[in-house]
Amino acid sequence: MKEITSSQWKLNLGFSLFMLLLIVLLMQVSIQLALIFALSLALGFTLQRSRFCTASAFRDPILVGTTKLTQAFILLLAISIMGFAVVANGAEILKIPLKLNVFPLGIHTIIGGILFGIGMVLAGGCVSGVLTRIGEGFAMQMFALLGLLFGTAFGGYSSPYIRSIFGEFSGVFLPDIFGWLPSVAIQLLILLILWEVTRWWHKKQNGVG
Amino acid sequence: MAIYQIDIWGEMCPIPLIKTHRQLKKMSCGDILVLETEHSCTSRAIVLWAKENGHEIDEKEVSNGIWRLELTKRHD
Amino acid sequence: MKRGLEIFKGPWAYWVGAVILAILNILVLIVRQEPWGITNNIELWAKWLGSIVGLINSQDITLNQLMLFSGTYLNLGVILGAFWATLAASQARFRPSKNIKFVLSALAGGFLMGYGARLAYGCSIGLALNGIASSSLTGWLFIIALFIGSWLGSKILIRIFL
């Protein structure tokens, strides 16, 4: 058992040095890029080590009745909402430009979401899951990435046309309507309700306990 | 007490879990189901699912990145 | 010792992962001055690769530009970070898929995901997670659609594989 647990340490050492070198090299180009690269390494590491999977968070409650991952996703959302609110307000005070993901809204959001949902179940992972699993060495997700490349290119060219058919509205930024504090509170409340729903669903699926 | 084995090698979530679920329905209490997978998420998901449903599960990493699961059915 | 090994090697609880991911996600926002997203950059790479292979005629992107986008490093980092994690746990190996069915499913799934993501302006990270984190209504609408989509996808999956 001992040999098994430490058998790839030489490879690991080599790879760690290689990553360190890459970060140092990148620092010569831009500190920001080097920082982002280091952060994304940590993201990939955490995604793999905690077996986090967005596809599973959406799929498993219906398919097998487990809700642990869904609850983890809700927790991730809750912390992110609060963190983003703090960062956005801080940036406003310090007059630092900050872009948030407020995208146009419309029928295309729903169609895109449904297509994405079907796709992530078929491909065995959402986009971040696909990247993580390529790192883990799965051949299947490498093909999924190939599909992703085709899909994004095709989507990039044809979606402006499709959006123009259905029409789109400019994105609704909740703090513009309610103010920062109430909109964060409303969203956290919705997440709390969703949390309770997952608990109820879990009990219903698995009986008591 | 019988020992069953189903082939989930190289399959991705959630198929192994559904197969396990269906196989378990055919088995009687005390029977053991042996599974082998190289998919970290699959192994994790089956272990969690079994624990939540009150079955006995034993997870062992038998080789680099290969897990062997022994699931003992505890109730119907 | 056993516990230390578990932290190093074994799977972390989902909630631990969620907390760490949330902190990293916020740090990415601070450093990048823009939330974490994936498919936007993949589209740029797809266009560049497509023009190299000759499938599409797009001259508006070069490799030098691609290498200066922060999104490139985010995507590359996630792959390499996941590889690093498997290596650190001595679990690295090549994992072939079972048969051609899985490969085709992955190709079709990837295509649908890519198309859907571009249609809706973002993927599960850029729009579902960070759209909601940015307090935008689009993100909320998107996760409802995601939920319906993954339910439909599960139906299809069961029909294909079982």
*Residue check, B:Val62 against (1) within 14 Å of chain C (Cβ to nearest Cβ); (2) crowded, with 16+ Cβ neighbours inside 10 Å; (3) in a strand (DSSP E or B), all met but one. Which one?*
(2)
*asked:* Could you tell me how many of the residues in the range A:40-64 are at the interface with chain C (Cβ under 7 Å from one of its Cβ atoms), part of a helix (DSSP H, G or I) and either surrounded by fewer than 24 Cβ atoms within 10 Å (Cβ to Cβ) or at positive phi (or both)?
replied: 3
*Name the pairs: first residue in the range C:36-58 and in a helix (DSSP H, G or I), second residue charged (D, E, K, R), Cβ to Cβ under 8 Å, at least 6 apart or on different chains?*
C:Thr39/C:Arg118; C:Glu43/C:Arg118; C:Lys47/C:Asp60
*Right, A:Gly112: facing chain C (nearest Cβ under 7 Å), modelled with pLDDT under 90 and assigned to a helix (DSSP H, G or I) or not?*
no
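Could you please give the count of residues in the range B:41-56 that are assigned to a loop (DSSP other than H, G, I, E, B) and in contact with a helix residue (DSSP H, G or I) (Cβ under 8 Å, 6 or more places away or on another chain)? Can you show your working first?
Keep residues of the range B:41-56 that are assigned to a loop (DSSP other than H, G, I, E, B), which gives B:53-55.
Checking the rest, the ones that are also in contact with a helix residue (DSSP H, G or I) (Cβ under 8 Å, 6 or more places away or on another chain) come to B:53, B:55.
Here the count works out to 2.
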*Out of (1) touching a residue at least 40 places away in the same chain (Cβ under 8 Å); (2) surrounded by fewer than 20 Cβ atoms within 10 Å (Cβ to Cβ); (3) within 7 Å of chain C (Cβ to nearest Cβ), what's the single condition that is false for A:Gly83?*
(1)
*Only one of C:Ala128, C:Ala117 that is in contact (Cβ under 8 Å) with a residue 40 or more places away in the chain, crowded, with 20+ Cβ neighbours inside 10 Å, under 30 Å from A:Ala78 (Cβ atoms) and in contact with a helix residue (DSSP H, G or I) (Cβ under 7 Å, 6 or more places away or on another chain)*: C:Ala117
_Report every pair of residues separated by at least 6 positions or lying on different chains whose Cβ atoms are under 9 Å apart, first residue within the range B:61-72 and farther than 21 Å from B:Ala2 by Cα and among the aliphatic types (A, V, I, L, M), second assigned to a strand (DSSP E or B) and open to solvent by 20 Å² or more (accessible area, probe 1.4 Å)._
B:Val62/B:Glu36; B:Val62/B:Arg68; B:Ile66/B:Glu36
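Can A:Leu148 be described as assigned by TED's automatic domain parsing to the domain that holds A:Phe84 and surrounded by fewer than 20 Cβ atoms within 10 Å (Cβ to Cβ)?
Working: assigned by TED's automatic domain parsing to the domain that holds A:Phe84: yes; surrounded by fewer than 20 Cβ atoms within 10 Å (Cβ to Cβ): no.
Taking the combined requirement at face value, the residue does not satisfy it.
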*Which residue pairs have Cβ atoms under 6 Å apart, sit 6 or more places apart or on different chains, and have a first residue in the range A:112-124 that is assigned by TED's automatic domain parsing to the domain that holds A:Phe138 and free of Cβ contacts under 8 Å to residues at least 60 places away in the same chain and a second that is surrounded by 24 or more Cβ atoms within 10 Å (Cβ to Cβ) and not in a helix (DSSP H, G or I)?*
none
*Within the bounds of the range C:74-93, is there any residue that is more than 7 Å from every other protein chain (Cβ to nearest Cβ), in contact with a Ser or Thr (Cβ under 8 Å, 6 or more places away or on another chain), surrounded by fewer than 24 Cβ atoms within 10 Å (Cβ to Cβ) and modelled with pLDDT of 90 or more?*
yes
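The values are calculated or read from the model by the stated rules, or taken from the named source; none is laboratory data. What you see is a predicted model; the values in this text were computed from it and never measured. Cβ: placed from backbone, ideal geometry, glycine included. Neighbour counts: every protein chain shown. For accessibility, only protein heavy atoms count, side chains too; no ligands or nucleic acids. Shrake-Rupley method; radii C 1.70, N 1.55, O 1.52, S 1.80 Å.
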